[in-house]
1. Using heavy-atom solvent-accessible surface (probe 1.4 Å) with all chains present, what is the largest-first order of L207, L174?
2. Classify the range 229-338 as rounded, prolate or oblate from the Cα gyration tensor: take a ≥ b ≥ c as the square roots of its eigenvalues, call it rounded if a/c is under 1.5, otherwise prolate when a/b beats b/c and oblate if not.
3. Please identify every one of the chymotrypsin sites (Phe, Trp or Tyr not before Pro) in the range 260-338 that sits in a loop by DSSP and has no more than 12 other beta carbons within 10 Å of its own beta carbon.
4. Considering only DSSP beta bridges whose two residues both sit in the chain, what percent are antiparallel, to the nearest 5?
5. When DSSP beta bridges are limited to those with both residues in the range 117-261, what percentage is antiparallel, rounded to the nearest 5?
6. Counting only other residues whose beta carbon sits under 12 Å from that of G162, what net charge do I get with K and R as +1, D and E as -1?
7. Go through the range 150-214 and name the trypsin sites (Lys or Arg not before Pro) that are in a DSSP coil and have 12 or fewer other Cβ atoms within 10 Å of their Cβ.
8. Sum -39500 (n - 2.57) across every DSSP H segment of at least 4 residues in the chain, then divide by the residue count to get the 222 nm mean residue ellipticity, nearest 500.
Amino acid sequence: MTLTRRTLLRGLATVPAAATLFSIPRYAHAAEITLRYGNNLPLSHPLNIRAKEAAERIAKESDGRVEMQIFPANQLGGDTDMLSQVRNGALTFFTPSALVIATLVPVAAINAVGFAFSDYDQVWAAMDGPVGAHVRKAIEGSRLHALETMWDNGFRQMTTSGEPITSAASLAGLKIRVPVSPISISMFSGLGAAPASLQFSEVYTALQTKVVDAQENPLPIIQVAKLYEVQQSCARTNHIWDGYWFIANGRQWSGMPDDVKEIVSRAINEAGLQQRADIKALNASVEADLSAKGLAFNEADTESFRAKLREAGFYAEWKGKFGEEAWGHLESAVGTLA
């Protein structure tokens, strides 16, 4: 199944926020195990489309013994609420971004090290390899279980209402909105910008009223939030890659029969691989759409950003915070940073 920009936008416009994702196929007997999964994305996002397919597969392969109910679009609260719910067992599954789970497991933010990854080959070498294994082990220590496949949120790009961002020098004194995330604030401060942490719901108004002049997000988010209406240019910086961990309540996961765990993990992990391909294809069509809406795209000198961050001590600081072992795993995939 190939997901298109039209599918994404049509779903955003027509699906009621309160609706659950779908009805599980009915069997002659009631499900023995009900899995509740919450997330913060709209129904039409590739994550929810592929999760729906995984849920259908789980029901089929378990002969109706297992039902996975999906609650999209923050129906059960924000990220902090759902993280708490999956920890206390009200939710079985939640897909926080790495920056969200990092509030509980700090090393999970290691994939958000600025300009660490040059492309997806490096991302998946790290996250399907030693970096991902290291983070999953840390997550296990927080009464949670992380499935093996990380789902994709995409590379983040920088936009501005002023002159295009072409190198690190372009960020000097620039008022840029960043997530409420210590590593994001640290990175943009190191680059000489003036970062302002704002909730995403405040971004459009802050750009419109010039509280900030720039922001950074993956392209599909820039499109859906219509930030092209208040920004003029977008630099292809790929400065941070972020993804979603598919996490489970540790007690519920360990209490499942082994055959159920095998069915569920296989369905979810394979759906995650399909979702990665969806996001990669979607980004190309989204850029074309944003260009047509007047957002000008330009290349950026990414090595100038890395050099500035080295000079500012950013990499050395975060190597110390993440620890030698985690940092060594990262550099084994991307090369020397600090």
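1. L174, L207
2. The shape class here is oblate.
3. none
4. 50 percent
5. 75 percent
6. So the environment of G162 carries a net charge of 0.
7. The qualifying sites are K210.
8. -13500 deg cm²/dmol
The values are calculated or read from the model by the stated rules, or taken from the named source; none is laboratory data. Remember, predicted model here, so these are calculated numbers, not experimental data. Reconstructed Cβ throughout: ideal geometry from the backbone, glycine too, with neighbour counts over all protein chains shown. Heads up: the accessible areas ignore ligands, DNA and RNA and are worked out on the full protein's heavy atoms, side chains in. Shrake-Rupley method; radii C 1.70, N 1.55, O 1.52, S 1.80 Å.
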